[in-house]
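Below is one structure, written out as structure tokens, with a few remarks after it.
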Amino acid sequence: MRLFAISDLHLSSTFNRAALAELESYPEDWIVLAGDIGETAEQLEFALGHLVKRFDTVIWLPGNHDLWTIDPKQHPLRGESKYRRLVDICRDHGVLTPEDPYPLWPGEVGEGVPAPGRIVVAPMFLLYDYSFRASHISEAAAVSWAAESGVFCSDEELLDPAPHSSRQAWCHQRLALTESRLAAVAGNDVNLVLLNHFPLRADLIELADLSRFSIWCGSTVTEDWHKKYRALVVVHGHLHQRGTHYRDGVRFEEVSLGYKPQWNRQLGIGAYFRQILPVPGQL
Ligand SMILES: [Fe+2]
Ligand SMILES: [Fe+2]
């Protein structure tokens with residue numbers, strides 16, 4: 001029994017959709033879908049239709065693309081309403097979301113891994129608040145600061161925060177809500193697997209010439225959550241830069257698939273599932 005994670009399937013791409021349909025079965029395993037599965041409710045339905053029958057348990061959380069409103073005449077849901085619609089689709093398929101009780105991991109953790117007790121798997125929806133910006137730039141000036149270097153994010157036009165006053169306000173509501181839930185489950189006998197679309201720390205982001213894109217990538221509020229909530233592993237996507245990093249001895253996994261040029265179709269999507277538990281190398 002394994003816990004796998006993947007993000008950024010971007011099923012708006014017919015190339016990626018065709019590959020998902022060819023996936024083999026993993027009847028004893030869990031899979032985390034860590035956001036940017038697609039951009040429409042239909043694309044989420046497509047993903048879950050293929051995945052729930054291939055896995056024991058599926059866990060979903062939203063990315064920024066999932067929350068886009070691309071064609072408001074055909075699909076008018078926006079912001080919180082779009083999110084709630086996607087949560088309802090997950091529930092119709094028996095898929096866990098950030099709105100459900102956090103499940104306990106019933107499998108092995110890995111031989112020799114210092115994990116004292118229960119493992120709680122926590123899918124989160126946290127968004128971003130422009131706080132990953134240079135210290136001399138105000139929040140109000142963050143988007144124009146990014147634009148000065150030629151960087152723009154389509155979320156500015158497509159990710160409507162309604163009914164929240166801004167995406168930052170929505171983010172702060174999600175941060176407060178999630179902190180209270182994590183605090184309620186955290187304890188000396190609990191380790192957490194934290195799952196979020198956006199990286200929890202700015203120092204996990206390496207964007208080179210696009211460095212100011214970081215304002216759309218997370219919040220400084222979560223900088224210490226891996227320590228505060230005794231994380232065993234932290235999973236994120238969004239950056240399309242697959243990799244494993246360590247901070248304070250905690251493993252951070254970036255689990256993106258990405259667009260056509262960013263992965264090898266011959267290997268199949270399954271080759272890009274990242275094993276989260278049991279801890280690889282400890283089997
Ligand atoms: Fe993405
Ligand atoms: Fe994303």
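The values are calculated or read from the model by the stated rules, or taken from the named source; none is laboratory data. Quantities reported herein were computed from a predicted structural model and do not represent experimental measurements. We place every Cβ from the backbone using ideal geometry, glycine too, and count neighbours over all the protein chains shown. Accessible surface is based on the protein model in full, side chains and every heavy atom, while ligands, DNA and RNA are left aside. Shrake-Rupley method; radii C 1.70, N 1.55, O 1.52, S 1.80 Å.
Rank these residues by their accessible area, most exposed first, probe 1.4 Å: LEU23, LEU77.
Ranked list, largest accessible area first: LEU77, LEU23.
Can you give the charge dipole size of region 3-277 about its Cα centre, rounded to the nearest 20 debye, using +1 on the beta carbon of Lys and Arg and -1 on the beta carbon of Asp and Glu?
I would put it at about 140 debye.
Pull up all non-local amide H partners of SER131: gap of 5 or more, or a different chain, and H-to-H distance under 5 Å with H placed in the peptide plane.
THR220
Rounded to the nearest 500, what is the 222 nm mean residue ellipticity of the chain from helices alone, with -39500 (n - 2.57) per DSSP H run of 4+ residues and division by all residues?
Calculated at 222 nm, the ellipticity per residue is -7000 deg cm²/dmol.
Return the lysines within reach of LYS73: Cα separation strictly under 30 angstrom, same-chain partners fewer than 8 residues apart disregarded; answer none if there are no such residues.
Output for LYS73: LYS82, LYS260.
Identify which of LEU127, LEU204, LEU267 has the largest mean-square fluctuation in a Gaussian network model of the chain, with springs joining Cα atoms closer than 10 Å.
LEU267
Of LEU61, LEU51, LEU195, which is the most mobile in a GNM of the chain whose springs link Cα atoms less than 10 angstrom apart?
LEU51
Report the residue, chosen from PHE213, PHE125, PHE55, that carries the largest GNM mean-square fluctuation when the chain is represented by alpha-carbon nodes joined by springs under 10 Å.
Greatest mean-square fluctuation among the candidates belongs to PHE55.
Out of residues 5 or more away from LEU195 or on other chains, whose amide H comes under 5 Å of its own, with H placed 1.01 Å from N in the peptide plane?
For LEU195, the qualifying residues are ALA122, MET124, VAL235.
With the Cα gyration tensor of region 26-80 in hand, convert its eigenvalues to equivalent ellipsoid semi-axes via √(5λ) and list them largest first in whole Å.
With the √(5λ) rule applied to region 26-80, the semi-axes are 25, 11, 7 Å.
For region 3-277, build the charge dipole from Cβ charges (+1 Lys, Arg; -1 Asp, Glu) around the Cα centre, then report which of THR69, SER12, CYS171 sits farthest towards its positive end.
Among THR69, SER12, CYS171, the one farthest towards the positive end of the dipole of region 3-277 is CYS171.
Principal axis lengths of the chain from Cα atoms, whole Å, largest first?
Computed over the chain, the largest-to-smallest principal extents equal 50, 40, 33 Å.
Spelling out what I want: for every residue of region 97-107, take phi, set θ = phi - 60°, compute 6.51 cos²θ - 1.76 cosθ + 1.60 (Karplus), and round to whole Hz; glycine and proline get x.
Values per residue, Gly and Pro as x: 9, x, 8, 9, x, 5, x, 8, 6, x, x Hz.
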